[in-house]
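To start, the structure under review is shown below, and the notes come after it.
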Amino acid sequence: MMDYRIIEGNDQITTEEAARLLKATYWANKRSLEQIGKSMRNSVCYGIRLSGEEKLIGFARVISDFATTYYLCDVIIDPEYQHRGLGKALVAHIVARPEYEGLRGFLMTRDAHGLYAQYGFVPVQGRAMERAPGQ
C-alpha cells in the first residue's frame, strides 16, 4: 500500500486540482472551472495526497444540512492510482466522520455499487443509493 494522507477542508484543495480529477469522470467532465469552484465552496471537500508529494490523487465532496441528510458526491481517484484501495479509504474516512453520524446518506452512481455497499449504502431504484443511520 502506498503512503498517503487524507485531507479535509476546502482550503486544502484548489479548484484547479479538483477540476483536473473531475475532467476524467463521466458525470463532471463538462463542468466549468467556475461551476467546480462554486460547488466546492458550498460543500465540505476531502482529498488524498501522496505522502511526500503535493499531487492531489483523490477527491470527494459532501453536501449536508448536518441535521438529517448528507449527499456524498464527486468521489474520484486519479485513474493512474485506481484499484489500490484509495477510494475505499476516502469513503471510509468520510462516512466515519462524527458530523455525519446519525444522518441519512445518499449518493448517485452508475457503476460503483459494490464499493459503496461496503459502507452500508444500498441501491434505491437503480442508480440511487442510500445509507441509513447506524450503517
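The values are calculated or read from the model by the stated rules, or taken from the named source; none is laboratory data. A quick note: this is a predicted structure, and the numbers were derived from the prediction, not measured. Glycine also receives a Cβ, built like all others from the backbone with ideal geometry; neighbour counts cover every protein chain displayed. All accessible areas refer to the heavy atoms of the entire protein, side chains included, with ligands and DNA or RNA removed. Shrake-Rupley method; radii C 1.70, N 1.55, O 1.52, S 1.80 Å.
Name the single residue, out of those in region 35-60 being more than 23 Å from Leu103 (Cα to Cα) and in contact with an Asp or Glu (Cβ under 6 Å, 6 or more places away or on another chain), that is most open to solvent (accessible area, probe 1.4 Å). Lay out the reasoning, then the answer.
First, pick out the residues of region 35-60 that are more than 23 Å from Leu103 (Cα to Cα): 35-38, 48-58.
The next check asks that each one be in contact with an Asp or Glu (Cβ under 6 Å, 6 or more places away or on another chain); those that pass are 51, 56-57.
Values: Ser51: 58, Leu56: 2, Ile57: 0 Å².
Going through the qualifying residues, I end up with Ser51.
For region 17-34, what are the residues that are open to solvent by 90 Å² or more (accessible area, probe 1.4 Å) and of a type outside the set (A, V, I, L, M, F, W, C)? Full working, then the answer.
Of the residues in region 17-34, the ones open to solvent by 90 Å² or more (accessible area, probe 1.4 Å) are 20, 23, 27, 30, 34.
Listed by number, the residues that qualify are Arg20, Lys23, Lys30, Glu34.
Pick out, from region 48-135, the strands (runs of 3 or more DSSP E) lying fully within it that include 1 or more residues that are at pLDDT below 90. Steps first, please.
Numbers: elements: 56-64, 69-77, 104-108, 121-124, 128-131.
Ranges flagged: 104-108, 121-124, 128-131.
Residues of region 61-81 being open to solvent by 30 Å² or more (accessible area, probe 1.4 Å) and within 16 Å of Arg49 (Cβ to Cβ), which ones? Don't jump to the end; show me each part of the working.
As a first pass, look at region 61-81 and keep what is open to solvent by 30 Å² or more (accessible area, probe 1.4 Å): 63-69, 71, 79-80.
Result: Glu80, single match.
Select from region 100-135 the residues that are farther than 19 Å from Trp27 by Cβ and polar (S, T, N, Q) and list them in ascending order.
Result: Gln118, Gln135.
Give me the pairs: first residue in region 27-41 and farther than 20 Å from Ala112 by Cβ, second residue open to solvent by 30 Å² or more (accessible area, probe 1.4 Å) and not β-branched (Val, Ile, Thr), beta-carbon distance under 6 Å, and six or more apart or on different chains, which are they?
Listed pairs, sorted by first residue: Met40/Asn10.
Taking region 18-35 as the search range and keeping residues that are within 14 Å of the chain's Cα centre (by Cα) and not in a loop (DSSP other than H, G, I, E, B), which one is nearest to Leu86 (Cα to Cα)? Spell out the reasoning first.
To start, the set of residues in region 18-35 that are within 14 Å of the chain's Cα centre (by Cα) comprises 18-19, 21-22, 25, 27-28.
Imposing the further condition that a residue be not in a loop (DSSP other than H, G, I, E, B) reduces the set to 18-19, 21-22.
On the way: Ala18: 16, Ala19: 19, Leu21: 14, Leu22: 16 Å.
Within region 18-35, the match that is nearest to Leu86 (Cα to Cα) is Leu21.
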